[in-house]
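My structure is below; once you've seen it, I'll send some questions.
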Amino acid sequence: MNPYLIFILAVIIITYILELVVEILNIRNISPELPSEFRDVYDNERYGKSQLYLKDNTKTGIINKTFFTLISVIFILAGGFNYIDLTARGFGFCPVFTGLIFTGILVLLMQIIELPFSIYDTFVIEERYGFNKTTPKTFVLDLVKGLLLGAVIGGLLYACILWFFGRFETWAWLYAWIALTVFQLLLNFIAPVVIMPVFNKFIPLEDGELKQSIQDYADSQGFKMKGVFKMDGSKRSTKSNAYFTGFGKFRRIVLFDTLIEKHSVAELVSVLAHEMGHYKKKHIFKSFLISILTTGLMFFVLSLFINNPALFDAFKMDHVSIYASLLFFGFLYAPILEIISILTNYLSRKHEYEADAYSVETGNDPEAMISALKKLSVDNLSNLNPHPVMVFLKYSHPPVLKRIEHIRSLASGR
């Protein structure tokens, strides 16, 4: 049997088993006893509801992963990629356009397969626990908009990468890496004003105590920004969030309307202080730099497998091509990507602690930050007791109880 095929099937199956074991461990780690830290904001009924929410999401997630693992294995063994490739080649276009058709067909197939799971998650699970505010019209429009944006923006970038690898040989990976880096930088500038408004409304925060408090805090930290905006997150869900977006003077603060509705001014300023901590501690720059370096590594390793006959034999392909090489390489690179993900998650958790520390040091109201974290956890029915293995492998944020413990230790130290 083809060694590449053995490796790819082994990666798919081992990954599935590992994720299944971790999900089961996470469910078994549920504690029926409400943590004392949350007794002032949680009642036993809603705490039990959060555990049911975790169980339902885990169950549907396992079904989803099982289905997609089976489909992937069957599709590979049955030569499904070759059938799609022959269909794309049948249009008689140049390699770049043939690659776009090949990838486009696969993306559409994935969307069709994923659609029932997405509908069930939105209109059954999220609805059952009182989160869903998405109407069928909004759901369909989001799907169509996402596909169109992906086709235009993603298709243009993908075409450039295909052209680089088709036009150059030795240094194609370097040119593609530079192009993707420039694209990512450009996207960070245009996304807040061009892409995000396609899905949500961003309204400048009205004058009042909240806006003034945010502006005063930002001025005290020497933080220049484009403005503070309220986003209509309630259009899709009752869940809350806040984030920074953009670079330089184009930076803007975005607060979900659901967040503003449920939190006090002091809590919102403490959340803002946390987000600003990421900027002041250069977490955003560090994460972007790591992303650039790992992308460069990916493109270099990819260049070693372009048009590899043995790799194409593993997928029962009649023809070799650059566009299929990119896809098949993804199966080989998956273990490396998983290791990188674990390392970046570890770094992200470290950054969250540092941002919390910044909020305590500059906001001078640790209890407001703790209160905000508690409310966010309750409102989102977060899992208060994730298994350590789940945290290690998947969590980009530390568990909320660990964050609160860390904030209290900082406050007592001050």
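Angle check, please: helix 400-413 long axis (alpha carbons) against the longest principal axis of the chain (alpha carbons), in degrees 0 to 90, nearest 10.
50 degrees
OK, next. Return the long-range amide H neighbours of F202 (sequence gap of 5 or more, or a different chain), with a cut-off of under 5 Å between placed amide H atoms.
Answer set, sorted by chain and number: none.
Let me ask you something else. Enumerate the calculated ³J(HN,Hα) couplings along segment 155-165 in order (Karplus 6.51 cos²θ - 1.76 cosθ + 1.60, θ = phi - 60°), each rounded to whole Hz, writing x wherever the residue is Gly or Pro.
3J(HN,Hα) across segment 155-165, in whole Hz: x, 5, 5, 4, 5, 4, 5, 4, 5, 4, 6.
Measuring from label point to label point, each 7 Å out along Cα→Cβ, what is the L20 to R39 span in nm?
Rounded to a tenth, the inter-label distance reads 4.1 nm.
Hey, another quick one. In which sequence would T87, T60 go, from the one with the fewest C-beta neighbours within 10 Å to the one with the most?
Neighbour counts put them in this order, fewest first: T87, T60.
Still on this structure, I have one more. If the chain between C94 and K137 were fully stretched, how many nm would it gain, using 0.36 nm times the residue separation less the Cα-Cα distance?
11.7 nm
Hey, another quick one. Counting alpha carbon pairs within less than 8 Å and at least 6 residues apart, what relative contact order, in whole percent, applies to segment 1-159?
Across segment 1-159, relative contact order equals 22 percent.
Set the bar at 19 Å for Cα to Cα. Now go through K145/K226; K133/K201; K49/K375; K281/K402 and name every pair that lies beyond it.
K145/K226; K281/K402
While we're on this one: For T66 and L289, compute 0.36 nm times the residue count separating them, minus their Cα-Cα distance, and round to one decimal in nm.
Going from the current span to full extension adds 76.8 nm.
Pick from L70, L162, L54: which residue has the top mean-square fluctuation in a GNM of the chain where Cα pairs under 10 Å get a spring?
Looking only at L70, L162, L54, the biggest GNM fluctuation is shown by L70.
Further question on the same structure: So what's the angle, to the nearest 10 degrees on a 0 to 90 scale, between helix 265-280 and the longest Cα principal axis of the chain?
50 degrees
May I ask you to derive the relative contact order of the chain, considering only C-alpha pairs under 8 Å and at least 6 residues apart, and to give it as an integer percent?
Relative contact order, the chain: 21 percent.
In what sequence do E354, E169 fall when counting other Cβ within 10 Å, fewest first?
Neighbour counts put them in this order, fewest first: E169, E354.
Using 0.36 nm per residue, how much length does the chain from A310 to F199 gain when fully extended, once their Cα-Cα distance is taken away?
Working it through step by step, the gained length comes to 35.6 nm.
Compare P309, P32, P95 in a GNM of the chain, Cα atoms joined below 10 Å, and give the one with the largest fluctuation.
Result: P32 has the largest fluctuation of those listed.
Compute the relative contact order of segment 203-262 as a whole-number percentage, counting only Cα pairs closer than 8 Å that sit 6 or more residues apart in sequence.
Computed over segment 203-262, the figure is 33 percent.
Can you tell me which lysines have their Cα less than 18 Å from the Cα of K55? Leave out same-chain residues fewer than eight positions away.
K65, K394
Listing C94, C160 from the residue with the fewest other Cβ atoms within 10 Å to the one with the most, what is the order?
Starting with the residue having the fewest Cβ neighbours, the order is C94, C160.
Under a 5 Å amide H to amide H cut-off, with H placed in plane at 1.01 Å, what residues pair with G227 once short-range neighbours are removed?
So G227 has HN proximity to I253.
Each value in this text was obtained by applying a stated rule to the coordinates, not by laboratory testing. Fair warning: this is a prediction, and the values are worked out from it, not measured in the lab. Counting neighbours? That spans all protein chains shown, and the Cβs are built from the backbone with ideal geometry, glycine included.
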